[in-house]
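Colleague: Take a look at the following structure, please.
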Amino acid sequence: MTTIDLTSAISVQPGALLATAPAEASVEQFNAVLAPHGLCLPVFPLVAGLTLAQLVAHNAGGRRMLRYGPIGRHLRAGVLEGADGAEPLVIGGPTLKRATGYALNRAIAGGALSLGAPREFTFSLRPLPAAQSATLLRCASLAAAYALAAQLLASGLALSALAIAEDELGAGLLLAELEGAQAVVQRQSAELGRAAALAGASCDPDVAEPWARWERLAAAHTAPGACALSLTLPRAALPALAIRAAAAARRYRLPLACWGDGGVGSLHLSVRAPGREAEAAQLLAVIAALAFEAGGSVSTEFGILAGDKETRRPGDQETRRPGDSPCSPSGAPCLLVSPASAASDAPCLPSERSERFSLSPGNSTLDELRAVVGADFLLTRSEDLSTYETDASIARPEGDALAVALPASTAEVAALVRVAAAHGVPVVTRGAGSGLAGGATPSAGALLISLNRIEQIVVDRAQMTVRVGAGAVTAEVQRAAEDVGLFYPPDPSSQAASTIGGNLACNAGGPRCVKYGVTADYLLAITAVLADGSVVRWGDGLAGQAPDSGLAQLLVGSEGTLGVITEATLRLIPLPRARRTSMALFDSLEDACATVEQIMAAGIVPAALELMDDACIAAVEAYLQLGLPQDAGAMLLMLADGEPEGVEADAARLAELARAGGARSVQLARNAADEANLWKARRAVSIALARVRPNRLGEDISVPLTQIAACVRRIKQISVEHGLPIVVFGHAGDGNLHPNILFDAHDPAETARIWPAAEAIFAVALALGGTLSGEHGIGTLKRPFMRQALGDTAIAAQRRIKAQLDPAGLLNPGKLFPEADD
């Protein structure tokens, strides 16, 4: 494939781990520009010459998807062509955390959401690995190779790929690739060899071109004339399906190429039989049916391929707007949004309605709601309602709620929403009420649905996933994963109380976001109730490459305005075997912020990199008396985790960079007790600030990493200008700052200065290329600033999405979008 050289249009910000490129640039061109900086976009397709636009359209992951996931996980922003000469649409932004409206940048990956032709993309980057090692293992059969891949994955090795294929004699080939610190790769290469020998596999570590076979298979898979199918399956189901697929091919007497990735659970099948295309399609349809019975799904890794139109799941419906043609030959859901979209267009989406509840049209609304959940779980007394009408913010409800319902299942939520839709009752969803933007406060006459009773947590150790109810508490999910040696990284500060549903609604992150990403990065499938009471399940629950995975991502960060999230399947990763925290104290805040940028530019991605300013240190010291110096200008808490050898090297390098950046002292934790003590100051911030002033407005801006120092400096000026203490702390490693405006609600003069100060902070964040919210959301408190943050074009596009999924505007009304005259 011929590509045009677009490298001169690629811009790189090494200190921000960020780069922007034309959508038509090839990924090879992109990575060639990044390589001198020691960085990469960790998407390495097996087919050469694909453009970034093509990879995003497929949500492709490439050969190292096991470690890095599909490209949608790295897509931060994009510029899309406007229709008929309209203004281009800008989606997303340059900050890793962004909870400012719908995450359209994530939703377009895979093609489920159509917004316009892409012009350019901005991606998160990763450092090139210090070392890599590829080992080719020969197994008795393809099924044996898939079984060995599952064993290696369960062993906790630092694997980046487990590619599988069949050789000419029917043996199974397994290409196991390790990457990481040199010492880790050396040790684990020996461990891998021993595990392979125990499984009866022979080892060939000296492979000149380890990926050549898979590149040839991918070229044949995507070549014109091939009848091809790509699937993702539960890893435990892969060996049996490989055997059954081979048996089916023998019955049809057709040559079947079968290969994939045992770590991801992918299986790619193709048949090239000129003149027998109909039989080939039938064979693939049989195999697809077997895959669906085993819990599998069609994958978009190579786009919509010939043969996919024959492999729709039983019961799937084509998704289209009135008058539209099907969105893809596979019948994959696709939400089309363009400037010409009518606001009244309602979607026709796959649904499964519960018939459990028979509602009489003669009953009152409350009687019908009571019939769904029972009298004990429908609250109507004012003293009960008041408990649910506020969240942890200073926002107040716009009116009294009609009732609070406490459903125990998705079916009950669907029935409640159908009653509300039939009577024109607004629906507001909430979890623990830990939100800080007023996103769960009701409008007048709204039905409040509290999801805390939907709290199941089911860990699948073999698949490394957890299926959770929206009411499951984040910390409980983390504990359930760690009990079986797995790890759920998102860790918002409210994790002991906040629920997964709330985390999804606002796309929460927490300190570990800098290395591990936000909640959206772990979402594999979502169950939600739409505005008409229909139930949808979007995503494959496996690898995040189902044709409707983009629609699942659309709900993340939507703050309950597009649907009621009731369940989710989340990705888990191996629990890090070691961790090391260090604390660096600086004389100046500017030195600490500059050190953050130097750390990220050095190719180290710490698990957490937390910042506290001088006012924050003083407040914590007055509260806990930890011995922190009162004259310190700033503190950085730096966490390294992973394999022991890598952790020791990273912790030492972090300490070295902090000293080079001007730190007056650096303290490294020696044991678990030291770890706890070092983090005690950061965790005590909220309580400590309450001793300074009785009230606070906790803000949540995000700025590019290169702008942290400038942002904090300007916030300090705002504090002086408005005569209010403003304390700054937050997740410096990803640019997510939490300026807290301290005040006394009983002092009218201070209260009058709160919002002018907040507005000035928002203006600074936007001027520096940042965003209104990193993880708290918009809710009601930040609505007036949305037009300034997104612009009319982006707001109009998001309103059209809202109109398609919620044409009556009943889901969480009065949130996110500014009023017409704002």
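Listed here are the residues, each with its yes/no results for (1) part of a helix (DSSP H, G or I); (2) in the same structural domain as Ala651 (by TED's automatic domain parsing); (3) not basic (Lys, Arg).
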site	(1), (2), (3)
Leu554	yes, no, yes
Gly557	no, no, yes
Gly560	no, no, yes
Ile565	no, no, yes
Ala568	no, no, yes
Ala584	no, yes, yes
Cys593	yes, yes, yes
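Colleague: Which one of Val647, Val605, Val666 is assigned by TED's automatic domain parsing to the domain that holds Gly735 and over 30 Å from the mean Cα position of the chain (by Cα)?
Modeller: Residue meeting the stated conditions: Val666.
Colleague: Considering only region 655-685, state which residues are touching a strand residue (DSSP E or B) at 6+ places or on another chain (Cβ under 8 Å), outside any loop (DSSP other than H, G, I, E, B) and surrounded by fewer than 19 Cβ atoms within 10 Å (Cβ to Cβ). Lay out the reasoning, then the answer.
Modeller: Step one: filter region 655-685 for residues touching a strand residue (DSSP E or B) at 6+ places or on another chain (Cβ under 8 Å), giving 655, 658-659, 661-669, 674-675, 678-679, 681-682, 685.
Subset that is outside any loop (DSSP other than H, G, I, E, B): 655, 658-659, 663-668, 674-675, 678-679, 681-682, 685.
If the condition is that a residue be touching a strand residue (DSSP E or B) at 6+ places or on another chain (Cβ under 8 Å), outside any loop (DSSP other than H, G, I, E, B) and surrounded by fewer than 19 Cβ atoms within 10 Å (Cβ to Cβ), then Arg659, Arg664, Ser665, Val666, Gln667, Leu668, Asp674, Glu675, Trp679 are the ones that fit.
Colleague: I'd like to verify a number: residues in region 714-735 that are closer than 28 Å to Arg512 by Cβ and touching an Asp or Glu at 6+ places or on another chain (Cβ under 7 Å), how many?
Modeller: In the first step, residues of region 714-735 are kept if they are closer than 28 Å to Arg512 by Cβ; the result is 714-716, 726-735.
From what is left, the residues that are touching an Asp or Glu at 6+ places or on another chain (Cβ under 7 Å) are 727-729, 731-732.
Residues flagged as closer than 28 Å to Arg512 by Cβ and touching an Asp or Glu at 6+ places or on another chain (Cβ under 7 Å) within region 714-735 amount to 5.
Colleague: Let me ask something else about it. State all residues of region 686-716 that are over 19 Å from Ala392 (Cβ atoms) and in a helix (DSSP H, G or I); if no residue qualifies, say none.
Modeller: Taking region 686-716 and keeping what is over 19 Å from Ala392 (Cβ atoms), we get 702-716.
If the condition is that a residue be over 19 Å from Ala392 (Cβ atoms) and in a helix (DSSP H, G or I), then Leu705, Thr706, Gln707, Ile708, Ala709, Ala710, Cys711, Val712, Arg713, Arg714, Ile715, Lys716 are the ones that fit.
Colleague: Can you tell me which residues in region 717-735 are part of a helix (DSSP H, G or I) and either at pLDDT below 95 or surrounded by 24 or more Cβ atoms within 10 Å (Cβ to Cβ) (or both)?
Modeller: First pass over region 717-735, keeping only residues part of a helix (DSSP H, G or I): 717-722, 732-734.
Of everything in region 717-735, those that are part of a helix (DSSP H, G or I) and either at pLDDT below 95 or surrounded by 24 or more Cβ atoms within 10 Å (Cβ to Cβ) (or both) turn out to be Ala732, Gly733, Asp734.
Colleague: Also, I was wondering about something else. Gly560 passes all but one of (1) within 27 Å of Pro234 (Cα to Cα); (2) touching a helix residue (DSSP H, G or I) at 6+ places or on another chain (Cβ under 6 Å); which number fails?
Modeller: (1)
Colleague: Restricting the search to region 407-463, which residues are of a type in the set (Ser, Thr, Tyr), farther than 20 Å from Pro492 by Cβ, under 26 Å from the mean Cα position of the chain (by Cα) and not in a helix (DSSP H, G or I)? Walk me through it before giving the result.
Modeller: First, pick out the residues of region 407-463 that are of a type in the set (Ser, Thr, Tyr): 409-410, 429, 434, 441, 443, 450.
Applying the additional criterion that residues be farther than 20 Å from Pro492 by Cβ yields 409-410, 443.
Those left that are additionally under 26 Å from the mean Cα position of the chain (by Cα): 409-410.
Ser409, the sole residue that qualifies.
Colleague: Which of (1) at pLDDT below 95; (2) in contact with a Ser or Thr (Cβ under 8 Å, 6 or more places away or on another chain); (3) hydrophobic (A, V, I, L, M, F, W, C) does Leu113 not meet, given it meets every other one?
Modeller: Condition (2) is where Leu113 drops out.
Colleague: Is there a residue being buried (at least 20 other Cβ atoms within 10 Å of the Cβ), touching an Asp or Glu at 6+ places or on another chain (Cβ under 7 Å) and assigned to a loop (DSSP other than H, G, I, E, B) anywhere in region 767-774?
Modeller: yes
Colleague: Right, something else. Every residue in region 183-234 that is under 30 Å from Thr569 (Cα atoms) and outside any helix (DSSP H, G or I), please.
Modeller: Answer for region 183-234, where residues must be under 30 Å from Thr569 (Cα atoms) and outside any helix (DSSP H, G or I): Ala228, Leu229, Ser230, Leu231, Thr232, Leu233, Pro234.
Colleague: Something else now. Does Asp540 qualify as being modelled with pLDDT of 95 or more, surrounded by fewer than 24 Cβ atoms within 10 Å (Cβ to Cβ) and part of a loop (DSSP other than H, G, I, E, B)? Working first, answer last.
Modeller: Numbers: modelled with pLDDT of 95 or more: yes; surrounded by fewer than 24 Cβ atoms within 10 Å (Cβ to Cβ): no; part of a loop (DSSP other than H, G, I, E, B): yes.
It is false that Asp540 is modelled with pLDDT of 95 or more, surrounded by fewer than 24 Cβ atoms within 10 Å (Cβ to Cβ) and part of a loop (DSSP other than H, G, I, E, B).
Colleague: Further question on the same structure: Given the options Gly698, Gly662, Gly646, name the one that is among the small types (Gly, Ala, Ser) and closer than 30 Å to Asp391 by Cα. Walk me through how you get there before you give the answer.
Modeller: Numbers: Gly662 fails: closer than 30 Å to Asp391 by Cα; Gly646 fails: closer than 30 Å to Asp391 by Cα.
Criteria check complete, one pass: Gly698.
Colleague: Hey, among Ile500, Ile526, which residue is under 13 Å from the mean Cα position of the chain (by Cα), surrounded by 21 or more Cβ atoms within 10 Å (Cβ to Cβ) and more than 24 Å from Leu609 (Cα to Cα)?
Modeller: On the way: Ile500 fails: more than 24 Å from Leu609 (Cα to Cα).
On inspection, the qualifying residue turns out to be Ile526.
Yes/no matrix, rows are residues, columns are (1) outside any strand (DSSP E or B); (2) farther than 15 Å from His221 by Cα:
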residue: Leu269; (1), (2): no, no
residue: Pro274; (1), (2): yes, no
residue: Glu279; (1), (2): yes, yes
residue: Val286; (1), (2): yes, yes
residue: Ala291; (1), (2): yes, yes
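Colleague: Could I ask something else about it? Can you tell me which condition Ala245 does not meet? The list is (1) outside any helix (DSSP H, G or I); (2) surrounded by 20 or more Cβ atoms within 10 Å (Cβ to Cβ), and all the others hold.
Modeller: Looking at each condition in turn, Ala245 falls short on (1).
Colleague: Kindly indicate whether Pro756 is without any contact (Cβ under 8 Å) to a residue 60 or more places away in the chain and either more than 27 Å from the chain's Cα centre (by Cα) or more than 30 Å from Ile604 (Cα to Cα) (or both).
Modeller: On the way: without any contact (Cβ under 8 Å) to a residue 60 or more places away in the chain: yes; either more than 27 Å from the chain's Cα centre (by Cα) or more than 30 Å from Ile604 (Cα to Cα) (or both): yes.
Yes, satisfied.
The rows are residues; the columns are (1) under 17 Å from Ala607 (Cβ atoms); (2) assigned to a strand (DSSP E or B); (3) of a type in the set (S, T, N, Q).
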site: Ala475; (1), (2), (3): no, no, no
site: Arg479; (1), (2), (3): no, no, no
site: Ser493; (1), (2), (3): yes, no, yes
site: Gly501; (1), (2), (3): no, no, no
site: Asp521; (1), (2), (3): yes, no, no
site: Ala525; (1), (2), (3): no, yes, no
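Colleague: Give Ala117, Ala131, Ala140, Ala147 a once-over and let me know the one that is surrounded by fewer than 19 Cβ atoms within 10 Å (Cβ to Cβ) and under 17 Å from Cys203 (Cα atoms). Break it down into steps so the answer makes sense when it comes.
Modeller: On the way: Ala117 fails: under 17 Å from Cys203 (Cα atoms); Ala131 fails: under 17 Å from Cys203 (Cα atoms); Ala147 fails: surrounded by fewer than 19 Cβ atoms within 10 Å (Cβ to Cβ).
Going through Ala117, Ala131, Ala140, Ala147 in turn, just one is surrounded by fewer than 19 Cβ atoms within 10 Å (Cβ to Cβ) and under 17 Å from Cys203 (Cα atoms): Ala140.
Quick grid of which residues meet (1) farther than 27 Å from Ala163 by Cα; (2) without any contact (Cβ under 8 Å) to a residue 40 or more places away in the chain; (3) not β-branched (Val, Ile, Thr):
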site: Pro22; (1), (2), (3): yes, no, yes
site: Glu28; (1), (2), (3): no, yes, yes
site: Leu34; (1), (2), (3): no, no, yes
site: Pro42; (1), (2), (3): no, no, yes
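Colleague: Hey, another quick one. Which residues, taken from region 253-272, are more than 16 Å from Ala289 (Cβ to Cβ), buried (at least 17 other Cβ atoms within 10 Å of the Cβ) and free of Cβ contacts under 8 Å to residues at least 40 places away in the same chain?
Modeller: Selection gives Leu254 alone.
Colleague: Picking from Leu551, Leu530, Leu562, Leu555, which residue would you name as being free of Cβ contacts under 8 Å to residues at least 60 places away in the same chain and of a type outside the set (Val, Ile, Thr)? Spell out the reasoning first.
Modeller: Working: Leu551 fails: free of Cβ contacts under 8 Å to residues at least 60 places away in the same chain; Leu530 fails: free of Cβ contacts under 8 Å to residues at least 60 places away in the same chain; Leu562 fails: free of Cβ contacts under 8 Å to residues at least 60 places away in the same chain.
Checking each option against the conditions leaves just Leu555.
Colleague: So Ala19 clears everything in (1) assigned to a strand (DSSP E or B); (2) surrounded by fewer than 24 Cβ atoms within 10 Å (Cβ to Cβ) except one condition, right? Which one?
Modeller: Result: Ala19 passes all but (2).
Colleague: Given the conditions (1) over 30 Å from Gln186 (Cβ atoms); (2) surrounded by fewer than 24 Cβ atoms within 10 Å (Cβ to Cβ), and given that Ser558 satisfies all but one, which numbered condition is not satisfied?
Modeller: Here Ser558 meets the rest and fails (2).
Colleague: Given the options Arg250, Arg194, name the one that is without any contact (Cβ under 8 Å) to a residue 12 or more places away in the chain, of a type in the set (Lys, Arg), out of contact with any strand residue (DSSP E or B) (no Cβ under 6 Å at 6 or more places or on another chain) and within 28 Å of Gly156 (Cα to Cα). Walk me through it before giving the result.
Modeller: Details: Arg250 fails: within 28 Å of Gly156 (Cα to Cα).
Exactly one of Arg250, Arg194 is without any contact (Cβ under 8 Å) to a residue 12 or more places away in the chain, of a type in the set (Lys, Arg), out of contact with any strand residue (DSSP E or B) (no Cβ under 6 Å at 6 or more places or on another chain) and within 28 Å of Gly156 (Cα to Cα), namely Arg194.
The values are calculated or read from the model by the stated rules, or taken from the named source; none is laboratory data. Bear in mind the structure is a predicted one, so any value in this text is a computation, not a measurement. In this analysis, Cβ positions are derived from the backbone assuming ideal geometry, glycine residues included, and neighbour counts consider all displayed protein chains.
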